[in-house]
Amino acid sequence: MGAEPFSANYSDWSKFHSFPQPFGFAYPTNQLIGPQLGFLLVCSAPYGPAYWSVKVIALGALITFAIALYTFSSVEFSFRASDWSSIFAGRQRGTCSPEAWSSGYWTNGPNTDLPALTHPDQALTFAGFEGCAADREYYWHLGADHEEQFDRFPVVDSYKWQPSSRCEVQPLDGAAMVKDMVENGGWLLLGGALTISSFLDPNLTSTPWTWTDSITENHFFSLSCLLYPHVRATPNYTENPYFDRAWPQKLYLSPTSPLISKLNFPADFSIENTPLVLFRRVDLLLNQPDLETLYQNTLRTELEDQDPNAANTTQRLFSEESTWSLSPSEYMPILLAPPPEGNFGTIVVSTAGHWTTTLMSAYRNEEAGDEAGYGIDGVKAFFKVAMRTWAGQVQEAINEYRRNGGTRPKQVVVRAYLPGHEDCHDHREPWTEIEPYRWRWYNWPWIKDFNAIFQDLLATREFPDIYYLSIDRPGRLRPDAHASGDCLHIMSGAGVLEGWSHYIWHFVTREIPGRIR
């Protein structure tokens, strides 16, 4: 007959005053707590065979503990809490930090045997894409809208980023990305770019032109190619090319995708209405009225410190230069909304390009001169104040979501902003080292300072759900990868945008789950 089940109730032990003393000790009942209770329980059996078996097991446990103690105290062993993250269910250790990813190099490996681009439709083949779901400025995104630059192909689309040997990253797989976006949450892409004028490349065309667009929209278009044919895009710019450039663009699961039968859909997920990816043009991360108020408050404090009688000012922060932006109160509800309206897990943001003395003309100082960026230090100081305000609002929204019972993963990743390259269309291959600027177009030479400000801000534990990804180096090494119309925007298929998607996918599915919040 087997032993009766045992129930470890503290009250069950009140009838005992002490335990047998095989190891020469006794404990009163009122001192039995935690580990001692479990240990003494196994030592209190009669002195039969079972008793000696337990004693041997206990002795083995003590020896194991001694070995572990020696190992952990060894000078060759350093304990880190993160080393234990892989033992928790549902968590996986990170295997590639942003810095390790960026410490790699470009390798050359053509996607096709075609020797030259002779028609824009061939750009998909050179890029290794089966197709692209988005259709706004289709050939411009693929770098195939200017015949005088067809000689860039096939080389420009032949490069792949090889991260550091310290990285273990799963291969880029559009189908696997779609599965993750459906089951664990999609991506909300927020970002902007500059108004690019023809002086950047005066020899490209005899007609003056101005182009306003978004690098983050470049990223959205590239994603629509990586995830094809499993996604469909809205709106349809072929049928209606007059949608504003700030109009929301979305990728939905295609009803014809062969993945559908293999997916575990969240409750209330709608193939027709639940987006996997949403792009909104948000140049500054805070809207202009909020920034104007923040500027006035900051300026008033500074003036009061200098002269209490000078605090009343009518100076405005912004010039009349065009910009598109929203506040966290407008886009955080999109991140946090449940299906069918939303199913997002990650916001990807990037900003710095619009933080200039021409847009924020209150800081413009002609006397400071070109070398000092005409007062760019003032803009950088305000950027630091504004991004702390932004991070506080974003983190509080996620905290409130959790306080209200939200359980699905929600995080924000800040992608380091990528500046442009001077005379980019004179280049036909990657650099091996980042080269310094010869001129000072826009705020490009100071982008590294804006990135450093953001990185330092998010390096603390103050904003635990906001992560900074310093993955700009691969793009900094690619002056040849720009869209044909300017030297800021990046063409799809050249590997830069696809590298962003590859690493962000890795980070949100491998690095973040391996961290203990």
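The values are calculated or read from the model by the stated rules, or taken from the named source; none is laboratory data. Please read all numbers here as calculations on a predicted model, not as lab measurements. We place every Cβ from the backbone using ideal geometry, glycine too, and count neighbours over all the protein chains shown. Calculation scope for accessible area: heavy atoms of the full protein, side chains included, ligands and nucleic acids excluded. Shrake-Rupley method; radii C 1.70, N 1.55, O 1.52, S 1.80 Å.
Things worth noting here:
- Checking region 448-463 against the condition returns no match, with no residue being farther than 15 Å from VAL349 by Cβ and open to solvent by less than 30 Å² (accessible area, probe 1.4 Å).
- Pairs, first more than 18 Å from CYS225 (Cα to Cα) in region 157-181, second surrounded by fewer than 16 Cβ atoms within 10 Å (Cβ to Cβ) and not β-branched (Val, Ile, Thr), C-beta under 7 Å, six or more apart: GLN162/TYR105; SER164/SER103
- Of GLU130, GLU76, all but one fail to be at pLDDT 95 or above, assigned to a loop (DSSP other than H, G, I, E, B) and open to solvent by 70 Å² or more (accessible area, probe 1.4 Å); the exception is GLU130.
- Test: residue in region 452-466 that is over 15 Å from the mean Cα position of the chain (by Cα) and modelled with pLDDT under 95: yes
- Scanning region 246-269 for residues that are exposed (fewer than 13 other Cβ atoms within 10 Å of the Cβ) and under 20 Å from GLY191 (Cα atoms) returns no hits.
- In region 324-341, residue farthest from GLU217 (Cα to Cα) [restricted to those that are touching a helix residue (DSSP H, G or I) at 6+ places or on another chain (Cβ under 8 Å), of a type in the set (Gly, Ala, Ser) and surrounded by fewer than 21 Cβ atoms within 10 Å (Cβ to Cβ)]: SER329
- Here ARG415 fits the description: touching a Leu at 6+ places or on another chain (Cβ under 7 Å) and of a type in the set (D, E, K, R).
- For the residues GLY420, GLY353, GLY373, GLY345, the requirement of being touching a residue at least 12 places away in the same chain (Cβ under 8 Å), on the phi > 0 side of the Ramachandran plot and crowded, with 19+ Cβ neighbours inside 10 Å singles out GLY373.
- Residues that are among the small types (Gly, Ala, Ser), more than 25 Å from SER361 (Cβ to Cβ) and modelled with pLDDT of 95 or more are absent from region 306-327 altogether.
- ARG473 meets each of the listed conditions (1) charged (D, E, K, R); (2) in contact with a strand residue (DSSP E or B) (Cβ under 6 Å, 6 or more places away or on another chain); (3) open to solvent by 10 Å² or more (accessible area, probe 1.4 Å) apart from (2).
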